[in-house]
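Reviewing the structure listed below.
The values are calculated or read from the model by the stated rules, or taken from the named source; none is laboratory data. This is a predicted model, so every value here is computed, not measured. In this analysis, Cβ positions are derived from the backbone assuming ideal geometry, glycine residues included, and neighbour counts consider all displayed protein chains. Remember, those area values only see protein heavy atoms, side chains included, never the ligands or the DNA or RNA. Shrake-Rupley method; radii C 1.70, N 1.55, O 1.52, S 1.80 Å.
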Amino acid sequence: MYLSADVPESVFRAQRVGGRLDCVSALELMGVYVHKRFHLHVQVDPRHARLRSPVSRAKRLGSDGASAVVHWRDVRGDAHTVDPVSAIVQSFGCQEPRHVVASIDSALHLGIIDQDDLDEIFARVPRRFRRLRRLVDGRAESGPETLARLLVRQFGRSVEVQKTIAGVGRVDLVVDGWIVIECDSRAHHSGWTQQEQDRFRDLALAARGYVSIRPTANMILTTPRVLTDAVRALLALRR
């Protein structure tokens with residue numbers, strides 16, 4: 001199999017192993033949110049043998065410390081990367097449920113899958129995962145936003161997604177009609193100009209009776225209790 005020089009490195013590595021890019025590795029290449037993984041995920045035909053290292057065809061898989069997660073499934077078609085639906089279905093076994101929901105939200109938001117694909121995904125996964133479908137919302141604009149939404153659902157209050165507020169614009173989440181959660185990332189909120197604009201928005205929200213909190217993406221991923229404790233305290237205060 002020959003690949004052109006402009007093919008992404010992850011595709012080259014999967015081809016060296018003896019398969020094609022799969023699961024979370026394929027989704028990440030498509031720009032879909034996934035929970036970070038350190039190993040390459042490769043789809044390999046069950047009849048295939050003698051898998052090679054992702055860094056060298058001359059070495060067996062694992063012999064040089066360069067590992068890969070191999071998904072033994074039939075390989076159909078000529079593509080070097082599995083299709084989005086198959087990648088998402090496979091990812092149910094490689095991510096926590098909340099991260100799977102975030103991946104599906106991301107794929108929907110990016111237009112990589114549609115509602116018909118969603119039907120196929122949940123028809124193909126084990127029955128125990130089908131309850132997750134009611135949690136999917138393609139309006140979420142980032143993985144951390146989805147994770148934040150799932151976290152605050154535990155309080156049993158309304159959670160509005162990408163709500164437009166007059167005089168302010170769209171905000172990520174509104175809990176109980178008055179707590180605004182903006183999920184900030186370093187990529188979009190690092191410069192001082194952007195931070196000043198964020199402060200103007202927070203003041204405009206306060207003037208309209210909202211309370212705005214800004215957990216970072218890293219906080220949501222690594223210390224989610226920071227967010228849930230804050231929302232719990234605010235809800236108790238309003239009561």
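Quick test for you: out of V161, V136, V125, V180, pick the one residue that is in contact with a Lys or Arg (Cβ under 6 Å, 6 or more places away or on another chain), without any contact (Cβ under 8 Å) to a residue 40 or more places away in the chain and of a type outside the set (K, R). Before you say what the answer is, go through the steps one by one.
Working: V136 fails: in contact with a Lys or Arg (Cβ under 6 Å, 6 or more places away or on another chain); V125 fails: in contact with a Lys or Arg (Cβ under 6 Å, 6 or more places away or on another chain); V180 fails: in contact with a Lys or Arg (Cβ under 6 Å, 6 or more places away or on another chain).
After ruling out the rest, the residue left standing is V161.
Which pairs have Cβ atoms under 7 Å, sit 6 or more apart or on different chains, and link a residue in region 15-41 that is more than 14 Å from S103 (Cβ to Cβ) and in a helix (DSSP H, G or I) to one that is of a type outside the set (V, I, T) and open to solvent by 50 Å² or more (accessible area, probe 1.4 Å)?
These pairs meet every condition: Q15/M1; Q15/H80; R16/R57.
Determine whether A187 is at pLDDT below 95, aliphatic (A, V, I, L, M) and open to solvent by 30 Å² or more (accessible area, probe 1.4 Å).
On the way: at pLDDT below 95: yes; aliphatic (A, V, I, L, M): yes; open to solvent by 30 Å² or more (accessible area, probe 1.4 Å): yes.
Yes: the conditions hold for A187.
Considering only residues of region 65-87 that are buried (at least 18 other Cβ atoms within 10 Å of the Cβ), modelled with pLDDT under 95 and small (G, A, S), which is nearest to the chain's Cα centre (by Cα)?
A68
Filter region 77-101 for residues that are assigned to a loop (DSSP other than H, G, I, E, B) and under 20 Å from G138 (Cβ atoms) and give the result. Break it down into steps so the answer makes sense when it comes.
Just the residues of region 77-101 that are assigned to a loop (DSSP other than H, G, I, E, B), to begin with: 77-80, 82-83, 92-96.
Answer for region 77-101, where residues must be assigned to a loop (DSSP other than H, G, I, E, B) and under 20 Å from G138 (Cβ atoms): D83, F92, Q95, E96.
Restricting attention to region 138-156, does a residue exist that is farther than 17 Å from D105 by Cβ and either in a loop (DSSP other than H, G, I, E, B) or open to solvent by less than 60 Å² (accessible area, probe 1.4 Å) (or both)?
Let us first name the residues in region 138-156 that are farther than 17 Å from D105 by Cβ, namely 154-156.
Restricting the remaining residues to those that are either in a loop (DSSP other than H, G, I, E, B) or open to solvent by less than 60 Å² (accessible area, probe 1.4 Å) (or both) gives 155-156.
Yes, that holds for at least one residue.
Please count how many residues of region 220-232 are open to solvent by less than 60 Å² (accessible area, probe 1.4 Å) and without any contact (Cβ under 8 Å) to a residue 24 or more places away in the chain.
Number of matching residues: 1.
Listed here are the residues, each with its yes/no results for (1) open to solvent by 40 Å² or more (accessible area, probe 1.4 Å); (2) within 12 Å of the chain's Cα centre (by Cα); (3) closer than 30 Å to A217 by Cα.
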| position | (1), (2), (3) |
| --- | --- |
| V55 | yes, no, no |
| S63 | yes, no, no |
| V89 | no, no, yes |
| Q95 | no, yes, yes |
| S103 | no, yes, yes |
| H109 | yes, yes, yes |
| L118 | no, no, yes |
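Being modelled with pLDDT of 95 or more, in contact with a Lys or Arg (Cβ under 9 Å, 6 or more places away or on another chain) and open to solvent by 60 Å² or more (accessible area, probe 1.4 Å) narrows it down to one residue among A166, A207; which is it?
On the way: A207 fails: in contact with a Lys or Arg (Cβ under 9 Å, 6 or more places away or on another chain).
Among A166, A207, only A166 is modelled with pLDDT of 95 or more, in contact with a Lys or Arg (Cβ under 9 Å, 6 or more places away or on another chain) and open to solvent by 60 Å² or more (accessible area, probe 1.4 Å).
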